[in-house]
Amino acid sequence: MPMSKYKRILLAVTKGGMSQSEIAASLHASKRDVSAAARVVREHSLTFDQVSAMDAAAVDDTFFPREGRGPDPAYLRPDMAALVERKRRNRRLPIKLLWAEHCERAAEEGKLSYSYHAFCEMFAAEAERLGATRHFEHEPGAKCYID
């Protein structure tokens, strides 16, 4: 079983001899993850031997649990299925217009609206889930377009 990312980071932090930036660069991890691991080492007074004796899954579950975050209630959650269906019926309808309507409705209800980027990601995920996307089969290099 491969060693988890967090166990490798904890081992490097407890071993010492490198800065957090060097650990992040050598393990191809983010500085935020290395900083979190260093905080765990300080809070739990972990040693290299303790970390190396632990199972990778135990390290992840004990010190870095995955918290399932739900949607923030402060944001107005749009009905993406209805929006995808609306877009499917009128393919010339711009997604930016759907987003603008979402922003207006959120303001009316006193809630926050999603950014355009987040809205587009949510729309694309729902369209993919509903099978509303089209995939074009093409032979690479068969057609050439000159600008």
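Each value in this text was obtained by applying a stated rule to the coordinates, not by laboratory testing. Source: prediction; values computed, not measured. FYI the Cβ positions are ideal-geometry reconstructions off the backbone, even for glycines, and counts take in every protein chain you see.
Numbers for the structure displayed
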quantity: Tabulated pairs, region 17-33, first without any contact (Cβ under 8 Å) to a residue 40 or more places away in the chain, second in a loop (DSSP other than H, G, I, E, B), C-beta under 8 angstrom, 6+ apart or interchain; calculated: I23/A29; A24/S30; S26/M18
quantity: Among (1) touching a strand residue (DSSP E or B) at 6+ places or on another chain (Cβ under 9 Å); (2) within 30 Å of Y6 (Cβ to Cβ) - the single one P71 does not satisfy; calculated: (1)
quantity: Candidate set: region 27-54, residues that are of a type in the set (S, T, Y) and under 23 Å from the mean Cα position of the chain (by Cα); chosen: the one nearest to P65 (Cα to Cα); calculated: S35
quantity: Residues (aliphatic (A, V, I, L, M), farther than 18 Å from Q50 by Cα and out of contact with any Lys or Arg (no Cβ under 7 Å at 6 or more places or on another chain)) located in region 1-33; calculated: M1, M18, I23, A25
quantity: Filtered residue count, region 105-124, keeping only those that are hydrophobic (A, V, I, L, M, F, W, C), in a helix (DSSP H, G or I) and either in contact with a helix residue (DSSP H, G or I) (Cβ under 7 Å, 6 or more places away or on another chain) or touching a residue at least 24 places away in the same chain (Cβ under 8 Å) (or both); calculated: 5
quantity: Condition met for A74 (surrounded by fewer than 10 Cβ atoms within 10 Å (Cβ to Cβ) and either in contact with a Gly (Cβ under 7 Å, 6 or more places away or on another chain) or in contact (Cβ under 8 Å) with a residue 12 or more places away in the chain (or both)); calculated: yes
quantity: Residue among R42, R66, R129 that alone is assigned to a helix (DSSP H, G or I), of a type in the set (K, R) and under 30 Å from G16 (Cβ atoms); calculated: R42
quantity: Breaking point among (1) assigned to a helix (DSSP H, G or I); (2) farther than 30 Å from M122 by Cβ; (3) touching a helix residue (DSSP H, G or I) at 6+ places or on another chain (Cβ under 7 Å); (4) not acidic (D, E), for A25; calculated: (3)
